[in-house]
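Here, each number is a calculation from the coordinates, and none is a lab measurement. If you're wondering where the values come from, they're calculated on a predicted model, not measured in any experiment. Note: ideal-geometry Cβ built from the backbone for every residue, glycine included; neighbour counts use all protein chains shown.
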Amino acid sequence: MSAPSQPRGPGGPASQPGLVEHYFRHEYGRLVAILVRRVGLPHLEAVEDAVQGALLAALTAWANSIPDNPSAWLYRVAQNHLVGVLRKDQGHQRVLDGAADQDAHDEEEPVSAAFAGEVRDELLRMLFVCCDETIPEESRLVLALKTLCGFSTGEIAFRLFTTEANVYKRLARARDRLRQCEVDTQTPPLESLRSRLPSVHAVIYLLFNEGYLSRHAEHAIRAELCEEAIRLGTLLASHPVGAAPPTFALLALMHLHAARLASRQDATGGLLLLEEQDRSLWNAEHLHQGATWLARAAHGDVFTRFHAEAGIAAEHCFAPSFADTRWNEIAELYAMLERIDPSPIHTLNRAVAVAQGKGPQAGLAVLDGVVPPAWLDGHYLWDAVLADLHHRAGNAATAERHRDQALAAAPSTAVRQLLHRRLTRPTR
Amino acid sequence: MSKRKYLVLFRNQPTGGQGGPSPEQMQQMFAAYKAWMEKFKDDILDMGDKLKSDGRVVSASGVADGPFVEAKEVVGGYMIVSVETYDRAVEVVRACPAVHAPGALLEIREMAGAKM
């Protein structure tokens, strides 16, 4: 026995700054998942209140001394709170009995329930519950952020650029749905939820994009959502129910994009074009992870949009320089993406790649005859690409028209400045 | 019943940059990925709605929980428990506070031929 007896325990939320940051938020997710498993989905709201109560109690109780086993402490307090609440409701006699049984071996249970594998399974089960296809997609995302990531409704509203009332509405819709369809007190076993995997992928992907594409100026806020998406994806990949190449491809694409996240902004918060980015700022750890997941994603006969997108991200990350980027390869990957998931936004991206590789005329030819749907027509990206291509092709008047439209439609000052810089520079 | 030795690895998400693949290795990994993608270039046979489990995690040799087995993973620590059965080893590990570390994963392996 040559290892310390407590290698990397929680160490007490106050003693290790690195762990403090997300300890409470992640503990929230763990406790909710475990307790929901105990008392059943219909009591989700009571469980969340109980966990919230336990975390608040900890703030006071731990001020002077932190318990030896903080997670077990939180579990015990939350469970007692929950039993107290459910006891008031005589209709839940059966639940009460079950909880009382657990009280009997209270000393062992919290530790047992916190066994890494079990916690992982409970968190995953909760994730699959959140991804019930009958819950509207926007509600799935909010439910996952609330129950698994431990964000409050206010924090979710702040991160998703919406109102707290709207978040609350989406949550209520999700909970109503859960109450209707999950009448069982037990959440279904993971294996039976396997068919929801595409929905789980979609929610993780959406969560990542909310962070990556967010209009938030503050880098930390955006990075946080990306990290949560990666955390859930990693969790998913760690269990047989999710350990499949599409999950690995999703993780690869998230890590490879996350690697470039910090370099997309200059010191003043302005956005930088890819060719302006300092490649030495790209995060080595994310690149390592991205490459590793990429290697694991390259198996089997299933090619998903995540595979195509991971390939595109990898082309950028592993190109020695902007000038040495393999644009033809990227254009081909976009073509594959279009076949899997036809969307004019993919065609638009392919046009950009083709123009980089074969010149602006070839890029414009890709868009020839493409009629943008309403949501893209008038979107700044559509006009920005056309302005850029026409500008480079020497069609000054057409370029100017699209440039004005793009600038007028730009969603933020940062984007407007970026466009202005890109679209007004002299042609090469 | 004679006691066997079990190695318990405490795994954590990698946090540092050390021990990762070199740029050259990453290029090779990417090249392998590109090679694999070739077969889909002309005709994408399966778009991924039917997911398969590759069932790679648990093996009869006693790996209780073996995700994240890449070379680059950081092993946070380890201990060896000497007990009769695999189940008993799991019980012992459950009592260890390290399982509470956020993101902690524990892997238990029976040590080859290590009865005592």
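Residues A:S321, A:S238 in ascending order of nearby Cβ atoms (within 10 Å, fewest first): A:S321, A:S238. Between A:Q265 and A:L272, the built amide H atoms are under 5 Å apart, and every one of these is 5 or more places off in sequence or on another chain. On full extension, the segment bounded by A:E45 and A:S412 gains 128.4 nm, given 0.36 nm per residue less the C-alpha separation.
Sparsely packed loop sites in the range A:364-411 (the chymotrypsin sites (Phe, Trp or Tyr not before Pro) outside DSSP H, G, I, E and B with at most 11 other Cβ atoms within 10 Å) comprise A:W375. Computed extension gain for A:F24 through A:T162, at 0.36 nm per residue and net of the alpha carbon distance, reaches 47.3 nm. Each of B:K34, A:K146 was scored by other Cβ atoms within 10 Å of its Cβ. Arranged with the fewest first, they read B:K34, A:K146.
Stretching the chain fully between A:D176 and A:L273 yields a gain of 30.5 nm (0.36 nm per residue, less the alpha carbon separation). How high is the FRET efficiency from B:Q25 to A:R194, r the C-beta distance, R0 30 Å, rounded to 0.05? Once the sixth-power term is evaluated, E becomes 0.35.
As a proxy for reagent exposure, A:F322, A:F208 were ordered by neighbouring Cβ count within 10 angstrom, fewest first; the result is A:F322, A:F208. Based on alpha carbons, the Rg and Dmax found for the range A:361-415 are 11.1, 32 Å. In this rough spin-label picture, where each label sits 7 Å from Cα along the Cβ direction, the A:S321-A:S280 distance is 1.5 nm. Evaluating 6.51 cos²θ - 1.76 cosθ + 1.60 at θ = phi - 60° for every residue in the range A:394-407, the Karplus couplings come out as x, 8, 4, 5, 5, 4, 5, 4, 5, 5, 4, 5, 5, 5 Hz, glycine and proline recorded as x.
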